[in-house]
1. For region 77-174, state which chymotrypsin sites (Phe, Trp or Tyr not before Pro) are in a DSSP loop and have at most 10 other beta carbons lying within 10 Å of their beta carbon.
2. For the chain, set up a Gaussian network in which alpha carbons nearer than 10 Å are linked by springs, and say which option among Gly232, Gly143, Gly86 fluctuates the most.
3. Once phi is turned into ³J(HN,Hα) by the Karplus curve 6.51 cos²θ - 1.76 cosθ + 1.60 with θ = phi - 60°, what whole-Hz value does each residue of region 8-21 show in order, with x for glycine and proline?
4. Give me Ser19, Ser114 sorted ascending by neighbouring Cβ count inside 10 Å, so fewest comes first.
5. Length gain on complete extension for the stretch Met125 to Ser303, per 0.36 nm per residue less the alpha carbon to alpha carbon distance?
6. Mind checking the angle between helix 284-301 and the chain's longest principal axis? C-alpha axes, 0 to 90 degrees, to the nearest 10.
7. Sum -39500 (n - 2.57) across every DSSP H segment of at least 4 residues in the chain, then divide by the residue count to get the 222 nm mean residue ellipticity, nearest 500.
8. Distance between the C-alpha centers of region 21-63 and region 208-254? Whole Å please.
Amino acid sequence: MKILVCDQISQDGIDLLRSSKAEFEYVPEISHDELAVKISDFEAIIVRSRTRVTKDVLLRANRLRIVARAGVGVDNIDVEFAKERGIEVVNTPDALTNAVAEFTIGLMIDLSRSITNAATTLRNMEWKKAQFVGSELQGKVYGAIGVGRIGRRVIELAHAFGMKIIAHDIVEIPKEFTSSYEVEMTNQDEVFRRADFLDLHVPLTNETRHLVNREKIEMMKQSAFLVNTSRGQVIDEQAVLVALEKERIAGAALDVFETEPPTRESLLQNKRVIPTPHIAGQTLEAQSKAAISAVRQVLDFLSIKT
Ligand SMILES: NC(=O)c1ccc[n+]([C@@H]2O[C@H](COP(=O)([O-])OP(=O)(O)OC[C@H]3O[C@@H](n4cnc5c(N)ncnc54)[C@H](O)[C@@H]3O)[C@@H](O)[C@H]2O)c1
């Protein structure tokens, strides 16, 4: 059984492959054309986001049985065509959960304590101590839209900070969870109205595209902060920018953008915005978990012992 690893994955995944009886090739820089030629020799490929597993590649994949993505989502894989050809497609949805959740808490603290802005002034040799009076998370209303893997982990952490938690999801959330973390499940508008921190952990769907728009922002408290680490298109960036400029909301922390890299300079330059380049899930631990999980799924699928 031959496995092709097409993108750079954590050494922990490579070590697991080495310790197995699998024959594998590690070609993290392989080009699309080279892959289309090479693919016919392999039963499995492991990718991250660089490699595109498109129809033209899959058409030549005569022996391929499984494509594994060491990451969340399968946007770079033609899943439908793979299915037509009987090829399994898997990813590692849990691997990034804790990384994104901790980053979200970091953004909430930065928004309310102005850590980034304070550091910037001092880097410019300005001592503006009096200007940076923050507020605390304890006692504030944490409002989550989306109570899946990441939403739940953020709720656990927000609960530990002593926040009051309200949330909305389209599926029923287990009672054990909501009672353990004192979560009040409510409708979407109510979360917008009451949240001090409005935090999004939904996938991008027809229903969630521009879920945060002018109308919803109008419902928010003027002192509220918006946090988005989900997908850029879940918010209407222009509407958020206008709201920030009019001081309609207090601030926004954005890790994801409608187009990436983002081009709306006035949004990135706005002092009420903390912009980060889609790094919420990027930790050594998450990369290790993703690589191990992807390799493990391939080995199990091909019944290769470790
Ligand atoms: N910034 C990053 O680096 C990064 C990393 C990993 C994941 N993500 C993104 O985070 C998001 C959440 O990931 P997850 O692992 O928690 O996903 P998940 O599938 O476990 O949870 C998503 C939740 O959203 C709910 N939902 C769907 N549509 C909804 C709607 N219209 N209103 C309310 N709730 C709705 C679902 O029922 C589900 O409970 C995804 O968009 C993912 O792409 C970002």
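1. Those satisfying the criteria are Trp127.
2. Maximum among the listed residues: Gly86.
3. Once θ is set to phi - 60°, the couplings for region 8-21 become 5, 10, 4, 4, 4, x, 5, 4, 5, 4, 4, 6, 8, 8 Hz.
4. Ser19, Ser114
5. This chain segment gains 58.0 nm when fully extended.
6. 40
7. -10500 deg cm²/dmol
8. 40
Each value in this text was obtained by applying a stated rule to the coordinates, not by laboratory testing. Quantities reported herein were computed from a predicted structural model and do not represent experimental measurements. Positions of Cβ are generated from backbone atoms using ideal geometry, with glycine treated the same way; all protein chains shown enter the neighbour counts.
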